[in-house]
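The values are calculated or read from the model by the stated rules, or taken from the named source; none is laboratory data. All values derive from a computational prediction rather than experimental measurement. Neighbour counts run over all protein chains shown; Cβ positions are idealised from the backbone, glycine included. Ligands, DNA and RNA are stripped out before the accessible areas are found, and what is left, the full protein with its side chains, is counted by its heavy atoms. Shrake-Rupley method; radii C 1.70, N 1.55, O 1.52, S 1.80 Å.
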Amino acid sequence: MATRRISSLLSRPFAASSLRSLGRNSSWSRGIYRFSTATATEEVITPPVQVEHTQLLINGQFVDAASGRTFPTLDPRTGEVIAHVAEGEDEDINRAVSAARKAFDEGPWPKMTAYERSRIIYRFADLLEKHNDEIAAIETWDNGKPYEQSAKVEIPMLTRLFRYYAGWADKIHGLTVPADGPYHVQTLHEPIGVAGQIIPWNFPLLMYAWKVGPALACGNAVVLKTAEQTPLSALYVSKLFHEAGLPPGVLNVISGFGPTAGAALASHMDVEKVAFTGSTDTGKIVLELAARSNLKKVTLELGGKSPFIVCEDADIDKAVELAHFALFFNQGQCCCAGSRTFVHENVYDEFIEKAKARAMKRVVGDPFKKGVEQGPQIDAEQLEKVLKYIRAGIECGATLETGGERFGTKGYFIQPTVFSNVEDGMPIATDEIFGPVQSILKFKDLDDVIRRANKSRYGLAAGVFTKNIETANTLMRALRVGTVWINCFDVFDAAIPFGGYKMSGQGREKGIYSLSNYLQVKAVVSPLKNPAWL
Amino acid sequence: MTIQSNGHSENPIKIPKIKFTKLFINGEFVDSISGKTFETIDPRNGEVIARVAEGDKADVDLAVKVAREAFDQGQWPRMTGFERGRIMMKFADLIDESIEELAAIDAIDAGKLFTSGKAVDIPSVANMIRYYAGAADKIHGQMLKMSRPFQAYTLREPIGVVGHIIPWNFPSTMFFMKVAPALAAGCTMIVKPAEQTPLSALYYAHLAKLAGIPDGVLNVVTGYGSTAGAAISSHMDIDMVSFTGSTEVGRLVMQAAAQSNLKPVSLELGGKSPLIIFNDADVDSAVNLALLGILYNKGEICVAGSRVYVQEGIYDEFVRKAAAKAKTWVVGDPFDPRSQQGPQVDKTQFDKILSYIEHGKREGATLLTGGKPCCEKGYYIEPTIFTDVKEDMLVVKDEIFGPVMSLMKFESVEEAIERANNTRYGLAAGIVTKDLNLANRVSRSIRAGIIWINCYFAFDNDCPYGGYKMSGFGRDNGLNSLDKYLQVKSVVTPIHNSPWL
């Protein structure tokens, strides 16, 4: 009963009403600034948690990097160092892969019953639930996302995802298969082996769950490389996983950088599968390294420039709120962000006014402060990149309705930014900005918007706002994207598959579909003598 | 002679106090409307354990009314599958906390072995609930491929109010084999346990409430088949009935369904399952498998391997070893850890088995071993093996539901297949061979719902089983069992200008 659907929490009570109303309430808003009135963040809140684990996790043990090197992980609210973290490279990846290899080839994990695996994963979920608030604090500290979002949505979702995959472990079914002659044919769905997984910084633990959950439910061993911006939370929860009974070597966590640790994993000859979530440019490199090494299977979940289409008949107030949420959620750092807001010409002016007003009300500040909707961007590089796109938008002649600048002088905060009169060819309409920048475009009719929405190298997701069943049915089939949300957005249930068309990637994560990323299918054929039927 | 344990007097297990003897309706334990009760008997000694409320039509009507309300207005079908699963996980944890007490209840009420109840039966039902808890959020419909410009999909909706009528041979397992998938599907239900074994079902009802299953979702009406059972199968407001029991009663259930509201029926009925042992088998392990196949749970199991076919090359050796092994079989108090076989469930069953044994002797079968009651009181019967039996004898044709094996010789695989299929039943079969071709051929040729090759009773949460022919229809266990608690609804709408069809 305590589950919170991310959709209901995020799109309605959490994002829309509770936070907004909290923001308006003066007793809650001390130290919280709507971006337009604020100049700087005040005193920085001390996160209510200790950082305990900063080493690599290999074969069930926390160990230093082979080189002894560390790198700092920064607090995006201030740019200050939270902790120095062991920096994994080639040699550490080798060690982790060899531990995973051993755990898979000789260890108990793939050999125990699926029910036993499911019990361990269920126990892990119970521990996650128990430590929800500490985990949420680490996540917010390292990433900068609002603590309420971490504690009330993302960590419960993390727990829920592992319960979901625990339930799959003992329901992975092969098939018996019809043959053209007297043969008995069956398929065995076997774990692939050692899976390398490379995850991004925008949802460190949800990405962890999307990757680790299905891989382990299917009986694989894993070497996980976290993003260098956010190494802490995966180490914390992986320790809990071992407390829940995960055998050593089954899950190894390497902190480090993409060109060193990430590349070593993607090109490793003993890794049989690599799953990557991140930018399209890096995804290309991962696919190339897999091709050049051992042709390991690849799952890619990459960038997006997702259209959010507001039709003439839509409920405009709701559409404004959801379009705002679709773009600004998580500081705009979502691969599926609704970053091209297409609005029908008949409701365009009204929409712009309301979207601008909504953005101006967005509460930006210390993510540990109650009522804050938007924290800092992840790091200085992202901050610069987003500001560069904003400048490009202005230079191209789009209308800057609100925002457009850095927020405050400390940390990596950016004002919620809305552009109108955006044209299809502008960089703010073609590129993934990954920041709080809403680009609003005008369209004439369905054919127009379908053509333009699909004119993107990306194909991750789309939002459709309409009351008309014909419009909804037409758009859902015509849009070349992996997820279409109709009159909702960012509904991310465990069972709903997610992934990209075109250069947004390949494969699907979550849901029953995600299992196939981590299973080999073996066909077993034997002759039948005098069968009663065929 | 059969070894008898006499653990009864020195029994160290504390017999639990019976806490729940009333009907469980709408989350409360209540007396039956008539105020009537019936006795439930300890088959070890024929003594009364407790008097239990006797539900009949009026009580079933009341239970259906609250189950209807819980389905039509209540939260159970309206919460997410995941939320139902969470409550079911809690239910499983509560059972884990009461394993000893539940195993003892089934031992005194059904004569089941306490040790195996504690080690296997009760932990297994907790695992079964967890299996279906994990399935509750994995019930998928399909998007369909239409031949015209239409978009269509299927919704798999909970079927509604379900009636479960369960037998006495596995009171706990049968309860959850029915209840767990129905709960996962989002149904509400009335369970009628067997009148011989009402006690653990009432205990589970209590735990369901503690776990947070909303009132009215799971109701237990104890009583007799001809009254309470008949009221369920003929009820106009029950959407589906699931029955496990004898073929005779299964027929009545289906008739009642046909005569009332045409509710779908799932029947898991009797069996006369063959165990076919080929020349290349290891005789010692085949003997063990065959004895387990007929003596497990004192033969009171619908999939019992009650017809054992042994190929001629090893027949004599098999007979000799089976007789020797049967004589070492320990029959005795189910609380004695040495006991391999407890008492039959009640006097009716006891008398019925003995009369089949007499019939077999009269028909000319050779009594290889056993054939008599044993222990000074209670309903114990010796492990019994008949040889020289013919296919038309009653002991070969009928389900005896007791520790009575018919042992037969065959020559060729064709003969084995033909004789194995020469039955009105089709529940299970066993094959013992090292030959892959034989195993494959026979497993496709036997018309039965589950085939065990070089094993027997290999039940599993994920492994469906159920009957061919007059052993019933529908499947319990596995994801297949969800099907009977779900309606399939197709939703179709035209689409225009779709870029693909």
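Which count do you get for residues in the stretch A:176-185 that are open to solvent by less than 60 Å² (accessible area, probe 1.4 Å) and touching a Leu at 6+ places or on another chain (Cβ under 8 Å)?
Adding up the residues that qualify gives 3.
A:Tyr389: surrounded by fewer than 24 Cβ atoms within 10 Å (Cβ to Cβ) and out of contact with any Gly (no Cβ under 6 Å at 6 or more places or on another chain), yes or no? Give the steps one after another, and end with the answer.
On the way: surrounded by fewer than 24 Cβ atoms within 10 Å (Cβ to Cβ): yes; out of contact with any Gly (no Cβ under 6 Å at 6 or more places or on another chain): yes.
The answer is yes for A:Tyr389.
With the condition kept exactly as written, say whether any residue in the stretch B:116-128 is assigned to a helix (DSSP H, G or I) and more than 26 Å from B:Gln340 (Cβ to Cβ).
For the stretch B:116-128, residues assigned to a helix (DSSP H, G or I) and more than 26 Å from B:Gln340 (Cβ to Cβ): absent.
What is the one condition in (1) touching a Ser or Thr at 6+ places or on another chain (Cβ under 9 Å); (2) open to solvent by 10 Å² or more (accessible area, probe 1.4 Å); (3) free of Cβ contacts under 8 Å to residues at least 60 places away in the same chain that B:Pro77 does not satisfy?
It is condition (3) that B:Pro77 fails.
Testing B:Lys145 on (1) assigned to a loop (DSSP other than H, G, I, E, B); (2) more than 14 Å from chain A (Cβ to nearest Cβ), one condition comes back false. Which one is that?
In the conditions (1) assigned to a loop (DSSP other than H, G, I, E, B); (2) more than 14 Å from chain A (Cβ to nearest Cβ), B:Lys145 misses (2) alone.
Yes/no matrix, rows are residues, columns are (1) at pLDDT below 95; (2) among the hydrophobic types (A, V, I, L, M, F, W, C); (3) in contact with a Leu (Cβ under 6 Å, 6 or more places away or on another chain); (4) not assigned by TED's automatic domain parsing to the domain that holds B:Asp106:
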{"residue": "B:Tyr132", "(1), (2), (3), (4)": "no, no, no, no"}
{"residue": "B:Lys145", "(1), (2), (3), (4)": "yes, no, no, no"}
{"residue": "B:Arg148", "(1), (2), (3), (4)": "yes, no, no, no"}
{"residue": "B:Thr154", "(1), (2), (3), (4)": "no, no, no, no"}
{"residue": "B:Val161", "(1), (2), (3), (4)": "no, yes, no, no"}
{"residue": "B:His164", "(1), (2), (3), (4)": "no, no, no, no"}
{"residue": "B:Phe170", "(1), (2), (3), (4)": "no, yes, no, no"}
{"residue": "B:Val179", "(1), (2), (3), (4)": "no, yes, no, no"}
{"residue": "B:Ala185", "(1), (2), (3), (4)": "no, yes, yes, no"}
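Among the residues of the stretch A:160-175, is there at least one that is open to solvent by 20 Å² or more (accessible area, probe 1.4 Å), facing chain B (nearest Cβ under 10 Å), on the phi < 0 side of the Ramachandran plot and free of Cβ contacts under 8 Å to residues at least 60 places away in the same chain? Please lay out each step first, then the result.
As a first pass, look at the stretch A:160-175 and keep what is open to solvent by 20 Å² or more (accessible area, probe 1.4 Å): A:160, A:170, A:172-175.
Pick out the ones that are also facing chain B (nearest Cβ under 10 Å) and you get A:160, A:170, A:172-173.
Keeping just the survivors that are on the phi < 0 side of the Ramachandran plot gives A:160, A:170, A:172-173.
Filter again for free of Cβ contacts under 8 Å to residues at least 60 places away in the same chain, leaving A:170, A:173.
Yes, the stretch A:160-175 has at least one match.
Quick one: is A:Thr399 β-branched (Val, Ile, Thr) and under 30 Å from A:Asp447 (Cα atoms)? Break it down stepwise before answering.
Numbers: β-branched (Val, Ile, Thr): yes; under 30 Å from A:Asp447 (Cα atoms): yes.
Yes: the conditions hold for A:Thr399.
One line per residue, one yes/no per condition, for (1) farther than 30 Å from B:Glu414 by Cα; (2) in contact with a Lys or Arg (Cβ under 6 Å, 6 or more places away or on another chain):
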{"site": "A:Gly482", "(1), (2)": "yes, no"}
{"site": "A:Trp485", "(1), (2)": "yes, no"}
{"site": "A:Pro497", "(1), (2)": "yes, yes"}
{"site": "A:Gly505", "(1), (2)": "yes, no"}
{"site": "A:Tyr513", "(1), (2)": "yes, no"}
{"site": "A:Asn517", "(1), (2)": "yes, no"}
{"site": "A:Ala523", "(1), (2)": "no, no"}
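For A:Ile58, state whether it is under 25 Å from the mean Cα position of the chain (by Cα) and surrounded by 22 or more Cβ atoms within 10 Å (Cβ to Cβ).
Yes; evaluated as a whole, the condition is true for this residue.
Given the criterion within 18 Å of A:Ala125 (Cα to Cα) and among the small types (Gly, Ala, Ser), identify the matching residue among A:Ala244, A:Ala291.
Being within 18 Å of A:Ala125 (Cα to Cα) and among the small types (Gly, Ala, Ser) holds for just one of A:Ala244, A:Ala291, which is A:Ala244.
Going through the stretch B:421-440 one residue at a time, which ones are open to solvent by 10 Å² or more (accessible area, probe 1.4 Å), in contact with a helix residue (DSSP H, G or I) (Cβ under 7 Å, 6 or more places away or on another chain) and within 14 Å of chain A (Cβ to nearest Cβ)?
B:Leu438
For a quick check of your reading: which strands (runs of 3 or more DSSP E) sit entirely within the stretch B:263-341 and have at least 2 residues that are under 18 Å from B:Ser246 (Cα atoms)?
So the answer is B:265-268.
Taking the residues in the stretch B:101-126 that are open to solvent by 20 Å² or more (accessible area, probe 1.4 Å), touching a residue at least 40 places away in the same chain (Cβ under 8 Å) and away from chain A (no Cβ under 11 Å) as candidates, determine which candidate is nearest to B:Ala180 (Cα to Cα).
If we take residues in the stretch B:101-126 being open to solvent by 20 Å² or more (accessible area, probe 1.4 Å), touching a residue at least 40 places away in the same chain (Cβ under 8 Å) and away from chain A (no Cβ under 11 Å), then B:Glu101 is nearest to B:Ala180 (Cα to Cα).
Filter the stretch A:215-230 down to residues that are more than 15 Å from the chain's Cα centre (by Cα), buried (at least 24 other Cβ atoms within 10 Å of the Cβ) and not aliphatic (A, V, I, L, M), then give me how many there are.
Selection size over the stretch A:215-230: 2.
Between A:Ser456, A:Ser439, which is open to solvent by less than 10 Å² (accessible area, probe 1.4 Å) and either outside any loop (DSSP other than H, G, I, E, B) or within 23 Å of A:Phe203 (Cβ to Cβ) (or both)?
Only one candidate qualifies: A:Ser439.
Scan (1) open to solvent by 40 Å² or more (accessible area, probe 1.4 Å); (2) part of a loop (DSSP other than H, G, I, E, B); (3) within 14 Å of chain A (Cβ to nearest Cβ) for the single condition B:Gly478 breaks and write down its number.
Unmet condition: (1).
Can you tell me which residue within the stretch A:479-528, out of those that are within 11 Å of another protein chain (Cβ to nearest Cβ) and in contact with a Leu (Cβ under 8 Å, 6 or more places away or on another chain), is farthest from A:Glu190 (Cα to Cα)?
A:Leu528
For the stretch A:181-203, does any single residue satisfy the condition of being of a type in the set (A, V, I, L, M), touching a Pro at 6+ places or on another chain (Cβ under 8 Å) and within 14 Å of chain B (Cβ to nearest Cβ)?
Within the stretch A:181-203, one or more residues are of a type in the set (A, V, I, L, M), touching a Pro at 6+ places or on another chain (Cβ under 8 Å) and within 14 Å of chain B (Cβ to nearest Cβ).
Of all residues in the stretch B:481-501, count the ones that are surrounded by 17 or more Cβ atoms within 10 Å (Cβ to Cβ) and of a type in the set (A, V, I, L, M, F, W, C). Break it down into steps so the answer makes sense when it comes.
Step one: of the stretch B:481-501, the residues surrounded by 17 or more Cβ atoms within 10 Å (Cβ to Cβ) are B:481-486, B:495.
Filter again for of a type in the set (A, V, I, L, M, F, W, C), leaving B:482, B:486, B:495.
Selection size over the stretch B:481-501: 3.
I'm trying to understand the selection: among the residues of the stretch B:481-501, which are within 16 Å of B:Gln142 (Cα to Cα) and away from chain A (no Cβ under 13 Å)?
Passing the criteria: B:Asp483, B:Leu486, B:Gln487, B:Val488, B:Lys489, B:Ser490.
Would a scan of the stretch A:76-95 turn up a residue that is more than 30 Å from A:Gln382 (Cα to Cα), part of a helix (DSSP H, G or I), open to solvent by less than 70 Å² (accessible area, probe 1.4 Å) and in contact (Cβ under 8 Å) with a residue 24 or more places away in the chain?
yes
Against the definition (surrounded by 17 or more Cβ atoms within 10 Å (Cβ to Cβ), in the same structural domain as A:Lys273 (by TED's automatic domain parsing), at pLDDT 95 or above and more than 17 Å from A:Tyr147 (Cβ to Cβ)), how does A:Leu128 come out, yes or no? Spell out how you get there, then give the answer.
Values: surrounded by 17 or more Cβ atoms within 10 Å (Cβ to Cβ): yes; in the same structural domain as A:Lys273 (by TED's automatic domain parsing): yes; at pLDDT 95 or above: yes; more than 17 Å from A:Tyr147 (Cβ to Cβ): no.
Spelling it out, it is not the case that A:Leu128 is surrounded by 17 or more Cβ atoms within 10 Å (Cβ to Cβ), in the same structural domain as A:Lys273 (by TED's automatic domain parsing), at pLDDT 95 or above and more than 17 Å from A:Tyr147 (Cβ to Cβ).
Consider the stretch B:375-420. How many of its residues are at positive phi and open to solvent by less than 10 Å² (accessible area, probe 1.4 Å)? Even if it seems obvious, please write down each step before you answer.
So in the stretch B:375-420, the residues at positive phi come out as B:375, B:378, B:388, B:401.
Still in the running and open to solvent by less than 10 Å² (accessible area, probe 1.4 Å): none.
The number of residues fulfilling the criteria is 0.
Of all residues in the stretch B:253-268, how many are touching a residue at least 24 places away in the same chain (Cβ under 8 Å), open to solvent by 10 Å² or more (accessible area, probe 1.4 Å) and hydrophobic (A, V, I, L, M, F, W, C)?
Adding up the residues that qualify gives 2.
Identify, please: which residue in the stretch A:96-118 is within 14 Å of chain B (Cβ to nearest Cβ) and in contact (Cβ under 8 Å) with a residue 60 or more places away in the chain and is, among those, surrounded by the fewest Cβ atoms within 10 Å (Cβ to Cβ)?
A:Ala114
Looking at the stretch A:106-123, is at least one residue in contact with a strand residue (DSSP E or B) (Cβ under 8 Å, 6 or more places away or on another chain) and over 30 Å from A:Phe492 (Cβ atoms)?
Yes: one or more hits.
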